[in-house]
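The values are calculated or read from the model by the stated rules, or taken from the named source; none is laboratory data. Here the structure is a predicted model, which means the values were calculated and not measured. Virtual Cβ from ideal backbone geometry, glycine too; neighbours counted across all protein chains shown. Quick note on the areas: whole protein, heavy atoms, side chains included, nothing else; ligands and nucleic acids left out. Shrake-Rupley method; radii C 1.70, N 1.55, O 1.52, S 1.80 Å.
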Amino acid sequence: TAATIVSSIAAVILGAPDATARGSFIIREQLQPTVAFDVLYEGFIGPAHRALTNLVARTLDLPGDDPAAVLHAHGLLGQALIFVLARATLLRRLGDDTLSTERIDAIVRSVETQVAATLEGLRSREKG
């Protein structure tokens, strides 16, 4: 499901031993692409984005290349990436120094729930 893809991305990005460096690298390449962006895009970002877009399109009964599906998929990915982008704020709000395995699991569940709810809301809105 789309929720599974997005929550899996959150788990991979946040759960890696080098999560901060990995997240910083991805964000830096998004803001100021270098030749590394092409490798990152072709190997990870592009395939994940296309798969998510196809699931969103199917959920909303849209063609797989519909711009609305691409935009919704992109927004859904943001629900995972915000935990990397605003990690310092989250840690401060939680009163933690690092994200424990338990916190990462809670984030993954939260992202999965939010993505599923967002898609359900979009589906309801499109139908009625």
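Given the rule -39500 (n - 2.57) for each run of at least 4 DSSP H residues, summed and divided by the residues of the chain, what is its mean residue ellipticity at 222 nm, to the nearest 500 deg cm²/dmol? Write out the running numbers ahead of the final one.
Working: 7 runs with 101 residues, N = 128.
About -25500 deg cm²/dmol.
Which entry in (i) 17.8, 61; (ii) 16.3, 52; (iii) 15.3, 45 matches Rg and Dmax of the Cα atoms in Å derived from the coordinates of this structure?
From the options (i) 17.8, 61; (ii) 16.3, 52; (iii) 15.3, 45, the structure gives (iii).
Magnitude of the Cβ-charge dipole of segment 5-105, K/R +1 and D/E -1, about the Cα centre, nearest 20 debye? Present the calculation step by step, with values, prior to reporting the outcome.
Numbers: 8 positive and 11 negative charges, 52 e Å.
Approximately 240 debye in magnitude.
Roughly how many percent of the accessible protein surface of the chain is carbon and sulfur, given a 1.4 Å probe and a whole-percent answer? Walk me through the intermediate numbers first.
Numbers: 4460 of 7760 Å².
Percent of accessible area from carbon and sulfur atoms in the chain: 57.
If I fit a long axis through the Cα atoms of helix 46-59 and take the longest principal axis of the Cα atoms of the chain, what angle between them do I get, 0 to 90°, rounded to 10?
Between helix and principal axis, roughly 40 degrees.
Let's test the formula: R0 of 22 Å, r as the Cβ-Cβ distance of L31 and S8. What FRET efficiency results, to the nearest 0.05? List each step's numbers first, then the result.
Values: r = 24 Å, r/R0 = 1.08.
Here the calculated transfer efficiency is 0.40.
Residues of segment 55-92 with amide nitrogen under 18 Å from the 7 Å Cα-to-Cβ point of T20?
Those under the cut-off are 82-92.
Could you tell me the calculated FRET efficiency between Y41 and E120, based on Cβ-Cβ distance and R0 = 22 angstrom, to the nearest 0.05?
E(calc), rounded to 0.05, equals 0.15.
Roll a 1.4 Å probe over the protein chains and send me the accessible area per residue for segment 1-49 in Å².
Details: 2690 Å² over 49 residues.
Averaged over the residues of segment 1-49, the accessible area is 55 Å².
Tell me, how many Å apart are the Cα centres for segment 59-91 and for segment 4-32?
14 Å
Mind listing the long-range amide H neighbours of L60? Cut-off is under 5 Å, sequence gap 5 or more, other chains count too, H placed in the peptide plane at 1.01 Å from N.
Here nothing satisfies the definition.
If you rank R93, R22, R50 by how much accessible surface each has, with a 1.4 Å probe, what is the order from largest down?
Greatest to least solvent exposure: R93, R50, R22.
Specify which residue in the list H72, A36, H49 is farthest towards the positive end of the charge dipole of the chain, using unit charges on the beta carbon of Lys, Arg (+1) and Asp, Glu (-1), about the Cα centre.
So the residue furthest toward the plus end is H72.
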